[in-house]
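Here's the structure we're looking at; comments come further down.
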Amino acid sequence: MPITTSEVHVDQALTNVSIAYAQETSKFIASKLFPSVNVSHLSNKFHVFTKDNWLRSEAGLRATGAPTRGANFTMSQDTYSCKQYGVHTSLDDYTVANADAGVDLLTSATQYVTEKLLQKRDEVFAAAAFTTGVWTGGSSNDITPGNLWSTANGTPIKDIADQQSAIESKTGRKPRHLVLGKDVYAALKDSDDILDRVKYSERGIVTTDLLAAIFDVDEVIVASSISNTAAQGATASYAPIFDPKDALLMYKPANPGLMTPSAGYMFSFTGVAGADQFEGLRTLRYRMDHNHSEIVETLAAFDFKVTGADLGVFFNNCVA
């Protein structure tokens, strides 16, 4: 339907609310897992450095007066393609006018549409990377522990250490980020293998920080976001976005860059006016006079791309 007013613009104030809300919403984790790379085109090519040439030892002894030993590396190309996602909500003039003093409906609407976008982003990441058939870095493509981590004889510490070693032996990088489904996290908090390590600690309480120290990783992230999969008006049906019985161990660099390997990157399109440099979030506010409403809309265009399948391992059904 046509917009019947001249006021159509990217709202900087609401964009700031959107960015702040995105940064504070800990439940949504996709942007914490793959480093974000800002791009100015929705789709393009990027270089991939050939691993075997990059890791080969090439330096040699140099005789006096002789040149140094020559070496080279090769590259191939891969592509990304950012898809556009967005959502809006309408604020009827009469609803806004009837609101109690101190009720900021514009801010609430901005938080709502931002959360919907972050929720969708988690769904897209989970489908692309938190699943079987993607990762090749472990001792086998997908790992189901011989002794599940929820059983009395489970050995999660050894299992994760073994897969860290397997990835490091093939890539030279040790994976230091661990993503746990919520059932996996609950099981590890009761695991005899874990509790035996922490019983003499100061607090003796299993937290993500304590698990990170035990597993020798930089960060343990619990994937606990949920979604109501029922249509509006139907009985709610709540489901986890990330499979609660799975886990992902992966490598990501502290400082992502053009010549830096990573399990994956989030390509964030920032080539349109108002797309912030945080992760491409864009918040607009405009009127629909024929609906007597203000529209608050949030958009983003992104692509989660696995750029190093050998830099991750997926633990499938690692708890009962």
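Relative contact order of the range 98-235: 21 percent, from C-alpha pairs under 8 Å at least 6 residues apart in sequence.
For the range 196-280, applying the loop criterion from DSSP together with a ceiling of 13 other beta carbons within 10 Å to the chymotrypsin sites (Phe, Trp or Tyr not before Pro) yields Tyr200.
In this structure the range 87-241 gives 52 Å² per residue of accessible area when probed at 1.4 Å with all protein chains present.
Going by alpha carbons, how many degrees (0 to 90, nearest 10) lie between the helix axis of 12-24 and the longest principal axis of the chain? Helix 12-24 and the main axis of the chain meet at about 40 degrees. How large, in Å, is the range 66-172 by the Kirkwood hydrodynamic radius built from its alpha-carbon pairs? It works out to 20.1 Å. When shorter helices are ignored and each DSSP H run of at least 4 residues is given -39500 (n - 2.57), the per-residue value for the chain at 222 nm works out to -8500 deg cm²/dmol. Cα convex hull, the range 178-320: 195 Å³ per residue, rounded to a whole number. Based on C-alpha pairs under 8 angstrom that are at least 6 apart in sequence, the chain has a relative contact order of 32 percent.
Using alpha carbons only, what's the Rg to Rh ratio of the range 185-234 with Rh from Kirkwood? Using Cα coordinates only, the ratio equals 1.24.
Normalised by 2.2 N^0.38 Å, where N is the number of residues, the C-alpha radius of gyration of the chain stands at 1.21.
The values are calculated or read from the model by the stated rules, or taken from the named source; none is laboratory data. All figures in this text were calculated on a predicted structure; none of them were measured in a lab. As a convention, Cβ positions derive from the backbone with ideal geometry for all residues, glycine included, and neighbour counts pool all protein chains shown. Just the protein is used for accessible areas: all its heavy atoms, side chains included, with ligands, DNA and RNA removed. Shrake-Rupley method; radii C 1.70, N 1.55, O 1.52, S 1.80 Å.
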